[in-house]
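Peer 1: The structure under discussion is supplied below as C-alpha cells; questions concerning it will follow.
Just so you know, all these numbers are worked out from the coordinates, no wet-lab data involved. Quick caveat, the model's predicted, so the values are computed rather than measured. So basically every Cβ, Gly included, is an ideal-geometry build from the backbone, and we count neighbours across all protein chains shown.
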Ligand SMILES: C[S@@+](CC[C@H](N)C(=O)[O-])C[C@H]1O[C@@H](n2cnc3c(N)ncnc32)[C@H](O)[C@@H]1O
C-alpha cells in the first residue's frame, strides 16, 4: 500500500485545518496564553479536541493521564467524563500542580481529578483503578515503560493515546539537535513496540505532533 504522502501533511491543508476550527475563548484561551508566555509544553488544540472527542465517544469513566503540566489536556478530558467518573493525572512538578489545581477549580472540575504527585514510573505500579482511556504525555524516553505499566490497568476495549510520537518530524527523518537524540530514538522504539504489540490494535495518526492511537484487544 502506498502511503498518502501528499495528503493531510501538506502545509496548505494543515493551515486550512488550523483556520477551520474555532479559537478557544475564556479559561482555555487563558491557559494557552500562559503556556505560550512561560514556554510550558501543552497539547496542540487539535490534540486536546481529539482527546475530548474520544473520551466522550467512549463514555469514559476512568481516565489516566501521564504528565499534566498546567492541566490543559486535563480540562478537556475531565469535562468529558461520564457521571461519577474520575481522571487520575501524574505530575512531579509542584508549580505545574499548583497551576493545574487553580485552573481546575476555576473550571469547576477539581473534584473529578486526582493529581498524583511524583514520577510516573514510581506512581503507576501503585494505581488500583482499571481505566477506560490512558493518555501518555511525559518523558519520551519512558514511553515504552509507561505503555507496559499502563496496559495491565487498561480494560479490554480501552483506548491508549500517546502524544508527540512523530516528534516534529525527527522520528521519520533527521534528528535536528543532539539533545533530542535519545528522545527521538526512544520514540522510534516506542512506535515499533506500540503498533506491533500483541495486546493492541494500534496506529499512528498525523494529528498534531503525531498521536499513537490504540485499542486493547486482549
Ligand atoms: C508535555 S507536558 C504535559 C502536557 C499536558 N498533558 C497537556 O497536554 O496539557 C509533560 C509534563 O510531564 C511532566 N513530567 C516530567 N517528568 C515526569 C515523570 N517522570 N512522570 C510524570 N510526569 C512527568 C512535566 O513536568 C510536564 O508537566
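Peer 1: What distance in nm separates the simple spin-label points at residue 178 and residue 14, each placed 7 Å from Cα in the Cβ direction?
Peer 2: Each label point lies 7 Å from its Cα, and together they span 2.7 nm.
Peer 1: Still on this model: Could you rank the peptides 151-157, 161-167, 91-97 by their average count of other C-beta atoms within 10 Å per residue, with the highest value first?
Peer 2: Ranking, from highest mean packing down: 161-167, 91-97, 151-157.
Peer 1: For residue 206 and residue 114 in one chain, what is 0.36 nm times their gap in residues minus the Cα-Cα distance, to one decimal in nm?
Peer 2: 30.1 nm
Peer 1: Also, I was wondering about something else. Suppose the chain between residue 193 and residue 155 were pulled fully straight at 0.36 nm per residue; how much longer would it get relative to their current alpha carbon spacing?
Peer 2: Stretched fully, the residue 193-residue 155 segment lengthens by 11.8 nm.
Peer 1: Here's another thing I want to ask about it. Could I have the simple spin-label model distance between residue 102 and residue 57, label points 7 Å from Cα toward Cβ, reported in nm to one decimal?
Peer 2: Using points 7 Å along Cα→Cβ, the separation is 3.5 nm.
Peer 1: Which of the peptides 98-108, 139-149, 70-80 is most tightly packed, and how do the rest follow, going by the mean number of other Cβ atoms within 10 Å of each residue?
Peer 2: The packing order, highest mean first, is 70-80, 139-149, 98-108.
Peer 1: Fully extended, how many nm does the chain gain between residue 21 and residue 40 (0.36 nm per residue separation, minus their Cα-Cα distance)? The partial results should precede the final answer.
Peer 2: Working: separation 19, 0.36 × 19 = 6.84 nm, distance 2.24 nm.
Gain on extension, residue 21 to residue 40, equals 4.6 nm.
Peer 1: Does segment 91-172 classify as rounded, prolate or oblate by the C-alpha gyration tensor (a ≥ b ≥ c root eigenvalues; a/c under 1.5 gives rounded; else a/b over b/c gives prolate, otherwise oblate)?
Peer 2: oblate
Peer 1: For 137, 44, which order do you get if you count the other beta carbons within 10 Å of each Cβ and list the fewest first? Walk me through the numbers on the way to the answer.
Peer 2: Numbers: 137 23, 44 15.
Fewest-to-most ranking of 137, 44: 44, 137.
Peer 1: While we're looking at this one, here's another question. Using the Cα atoms of segment 1-121 to build a convex hull, what is its mean projected area in square nanometres?
Peer 2: Orientation-averaged projected area of the Cα hull: 9.6 nm².
Peer 1: Please work out the Cα center distance from segment 56-76 to segment 108-168, rounded to the nearest Å.
Peer 2: Using only Cα atoms, the two centres lie 10 Å from each other.
Peer 1: Relative contact order for segment 138-218: what is it in percent, counting Cα pairs under 8 Å that are at least 6 residues apart? Write out the running numbers ahead of the final one.
Peer 2: On the way: 119 pairs, mean separation 32.4, N = 81.
RCO, segment 138-218: 40 percent.
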